[in-house]
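Participant: There's a structure below that I have some questions on.
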Amino acid sequence: DRYMGEASILMQIVGRGEGVPARSIREDEEERRIAKWQPILQHFRHLAETNPSKIYQRLHEGVPSSLRSQLWKEITRTSDFKSIFSADVYKKLVESPCSYLDKIELDLPRTFPHHPLFKECDGEGQCKLRNVMRAYVNYDSYVGYCQGISFLAGLLIMQLQEEEDCFFALVQIMNTHKLRAIYQPGLPALKHHMTEFSRQISIVLPDLYEHLQREQVQVEMFASHWFLTIFVYQFPLAVVLRIWDLFLFKGMEVVFRVSLAVLSLAKEDLLKKDFEGILLYLRRLPDEILDQNRLMVCALNIRLDEDKLEKFLHSLHQDIPSSRPDEEDTPARKAAANSANVPKKSLNETIEEWSFWKLTEIVTTSKNAFFWSPADKEDPVPETTWGKASVN
C-alpha cells in the first residue's frame with residue numbers, strides 16, 4: 001500500500017545516508033518526555049504541594065534519564081538541606097575515626113559487583129561509596145552500619161555522582177521515609193513491615209495468601225531484601241530507577257505497592273508451586289514479571305488498605321532516637337564541631353536546631369512524603385521559594 005511504499009523509499013534513502021539522519025522511536029519519545037518534564041522541574045516545589053497527583057502520574061509514566069539527577073535532588077531537597085551545614089562537615093565526617101570501617105570495606109566489592117562504576121577495586125565508585133558510608137555511620141551513630149544502606153548509597157552515587165550530594169540525599173531519605181526505623185539495631189521495624197506486608201497480601205490477594213500459608217512460606221523468606229534495599233539488590237537497574245522515582249516522592253507506600261504488584265503478576269504461577277518452587281521463583285523472577293511498564297501499571301492499580309498502612313508507617317516515628325544522641329556524642333561529631341577551623345555553625349548546633357523530630361514533624365504534615373528544607377520551618381513550601389532550589 002501507499003504507506004508501506006513511502007516507508008520503503010524512506011528506508012532506502014536513510015540506508016544510503018541521504019537526507020535527514022534516521023531517528024529511533026525511542027529518541028523521539030525521550031525528547032517528548034524531556035519537553036514535558038522541563039516545566040515541571042522549573043516549578044517542582046509548587047506543583048508537588050498543589051498538584052501532587054499530577055507529579056505522581058508523570059512519575060508513573062517515566063522520567064527522562066538525562067533529568068533524573070536533577071529531579072532526585074529536587075525531590076529530596078538536597079541543596080537546601082546541605083546549605084544549613086558548614087561547608088566542611090562532610091569532609092570532617094569522612095575523615096573521622098569509623099568503628100564500622102572493617103564492615104564497610106568487606107562489603108565494598110559485594111555492592112554492585114558487576115556494575116562498571118563499582119567493579120574495580122578502589123576505583124572511583126568504591127572510593128565514593130566508602131566515603132559516603134563512613135560519613136553516614138559517623139553522622140548517625142544510633143543506626144550505625146547495615147549492608148542494605150550501602151546499596152541505597154551506591155544507587156545515589158550512580159545517579160547524583162557528587163558524593164557529598166549523595167550523603168545529604170541519603171540522610172534526607174533515611175529520615176523522611178523512616179528507613180532509620182528499618183535499619184536500627186536488630187531490624188525490629190523490618191519485622192513490623194513484614195507483618196504489615198503479610199496483612200496486605202491477605203486483603204489484596206487472599207487466595208495467594210492462603211496458598212502461602214498452606215506451604216508455610218513466610219514473607220520474610222522472599223521480601224526482606226525488597227524492603228531492606230528498596231529493590232536495589234534483586235531487581236534490574238532500569239526497573240529500580242522507575243521504582244525509585246516514585247519511592248522518593250511517595251515513600252514506603254510505593255514499596256508495598258510494587259511488592260504486591262510482583263505477587264499479583266506472578267500469582268497464577270505461584271499457585272501451582274510448592275514451598276521450594278515458590279522461593280526459587282521469587283528469587284529469580286522471570287522477565288515478564290519485571291517488565292517495567294507492566295509492573296508500574298499494576299502497582300498503580302493495587303487496592304491497598306491505605307488507611308491502615310498510613311497509620312502503620314506513621315507509628316514508625318515513635319521510639320526512634322534522633323540522629324544525634326542527646327547525652328553522649330560520637331568522636332566524629334566532636335571532631336566536626338571542635339575543629340580548629342570553626343565552622344559557621346557546628347554540626348552539633350545544627351542538629352540540635354533541626355533535629356530528627358523536627359524533620360518528622362514537618363514531613364508528616366502531608367500525605368505525600370515531602371522532604372525538608374530550611375525554608376520549611378514556618379511554611380512547608382513557601383511561595384517565595386517555589387522553583388528556586390539550587391541544582392548542582
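Participant: Does at least one position in the stretch 20-33 carry a residue that is surrounded by 11 or more Cβ atoms within 10 Å (Cβ to Cβ), assigned to a helix (DSSP H, G or I), at pLDDT below 90 and touching a Leu at 6+ places or on another chain (Cβ under 9 Å)?
Facilitator: yes
Participant: Of the conditions (1) open to solvent by 60 Å² or more (accessible area, probe 1.4 Å); (2) closer than 21 Å to L160 by Cα, D102 fails just one. Which one is it?
Facilitator: (2)
So that you can scan it fast, the table gives a plain yes or no per residue for (1) among the aliphatic types (A, V, I, L, M); (2) farther than 21 Å from L316 by Cβ:
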| site | (1), (2) |
| --- | --- |
| N138 | no, yes |
| L156 | yes, yes |
| M194 | yes, no |
| I201 | yes, no |
| H211 | no, yes |
| F222 | no, yes |
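Participant: Let me ask you something else. How many residues does the stretch 47-64 contain that are out of contact with any Lys or Arg (no Cβ under 7 Å at 6 or more places or on another chain), in contact (Cβ under 8 Å) with a residue 40 or more places away in the chain and assigned to a helix (DSSP H, G or I)?
Facilitator: Qualifying residue count for the region: 6.
Participant: Next question, about the same structure. Could you please let me know if M252 is in contact (Cβ under 8 Å) with a residue 40 or more places away in the chain and either touching a Pro at 6+ places or on another chain (Cβ under 7 Å) or crowded, with 20+ Cβ neighbours inside 10 Å (or both)?
Facilitator: Taking the combined requirement at face value, the residue satisfies it.
Participant: Related question: Quick one: is R26 in contact (Cβ under 8 Å) with a residue 12 or more places away in the chain and of a type outside the set (D, E)?
Facilitator: no
Participant: Can I ask one more? Which pairs do you get when a residue that is of a type outside the set (A, V, I, L, M, F, W, C), found in the stretch 227-240, comes within reach of a residue that is assigned to a loop (DSSP other than H, G, I, E, B), reach meaning Cβ atoms under 8 angstrom, with the pair 6+ apart or on two chains?
Facilitator: So the pair list comes out as Q234/L285; P236/L290.
Participant: Name every residue in the stretch 222-235 that is at pLDDT 95 or above and either open to solvent by 50 Å² or more (accessible area, probe 1.4 Å) or closer than 14 Å to Y281 by Cα (or both), in order of residue number.
Facilitator: Of everything in the stretch 222-235, those that are at pLDDT 95 or above and either open to solvent by 50 Å² or more (accessible area, probe 1.4 Å) or closer than 14 Å to Y281 by Cα (or both) turn out to be F222, A223, F235.
Participant: So H114 clears everything in (1) open to solvent by 50 Å² or more (accessible area, probe 1.4 Å); (2) part of a helix (DSSP H, G or I) except one condition, right? Which one?
Facilitator: (2) is the only condition that H114 fails.
Participant: Quick check: anything in the stretch 95-116 without any contact (Cβ under 8 Å) to a residue 60 or more places away in the chain and touching an Asp or Glu at 6+ places or on another chain (Cβ under 8 Å)?
Facilitator: Within the stretch 95-116 (the criterion being without any contact (Cβ under 8 Å) to a residue 60 or more places away in the chain and touching an Asp or Glu at 6+ places or on another chain (Cβ under 8 Å)), the answer is no, since none of the residues qualifies.
Participant: Still on this structure, please answer the following. Note down all Cβ pairs under 6 Å where the first residue falls in the stretch 69-89 and is touching a residue at least 12 places away in the same chain (Cβ under 8 Å) and closer than 14 Å to Q161 by Cβ, the second is β-branched (V, I, T) and open to solvent by 10 Å² or more (accessible area, probe 1.4 Å), and they're at least six residues apart or on different chains.
Facilitator: Hits for this filter: Q70/V391; K73/V391.
Participant: I've got another one for you. Please give the number of the condition Q161 fails out of (1) in contact (Cβ under 8 Å) with a residue 60 or more places away in the chain; (2) surrounded by 20 or more Cβ atoms within 10 Å (Cβ to Cβ).
Facilitator: (2)
Participant: Identify the residue in the stretch 122-158 that is of a type in the set (S, T, Y) and out of contact with any Pro (no Cβ under 9 Å at 6 or more places or on another chain) and, among all such residues, is most open to solvent (accessible area, probe 1.4 Å).
Facilitator: Y145
Conditions tested, residue by residue: (1) more than 18 Å from the chain's Cα centre (by Cα); (2) surrounded by fewer than 22 Cβ atoms within 10 Å (Cβ to Cβ).
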position	(1), (2)
L248	no, no
Y281	yes, yes
D287	yes, yes
L300	no, yes
D307	yes, yes
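Participant: Being aromatic (F, W, Y) and in a helix (DSSP H, G or I) narrows it down to one residue among F81, F85; which is it?
Facilitator: F81
Participant: Among all residue pairs at least 6 apart or on different chains, which show Cβ distances below 8 Å where the first residue, located in the stretch 303-316, is more than 18 Å from V258 (Cα to Cα) and the second is surrounded by 12 or more Cβ atoms within 10 Å (Cβ to Cβ)?
Facilitator: That search, which allows pairs on different chains as well, returns H314/T364; L316/K178; L316/A181; L316/A189; L316/H192.
Participant: For K92, indicate whether it is crowded, with 21+ Cβ neighbours inside 10 Å and farther than 23 Å from L237 by Cβ.
Facilitator: It is true that K92 is crowded, with 21+ Cβ neighbours inside 10 Å and farther than 23 Å from L237 by Cβ.
Participant: State all residues of the stretch 65-78 that are assigned to a helix (DSSP H, G or I) and not hydroxyl-bearing (S, T, Y); if no residue qualifies, say none.
Facilitator: Correct list: L67, R68, Q70, L71, W72, K73, E74, I75.
The values are calculated or read from the model by the stated rules, or taken from the named source; none is laboratory data. Since the model is a prediction, treat every value here as computed from it, not as a measurement. Note that we place each Cβ from the backbone using ideal geometry, even for glycine, and neighbour counts take in every protein chain shown. Side chains are part of the model used for accessible areas, which takes the heavy atoms of the whole protein and leaves out ligands, DNA and RNA. Shrake-Rupley method; radii C 1.70, N 1.55, O 1.52, S 1.80 Å.
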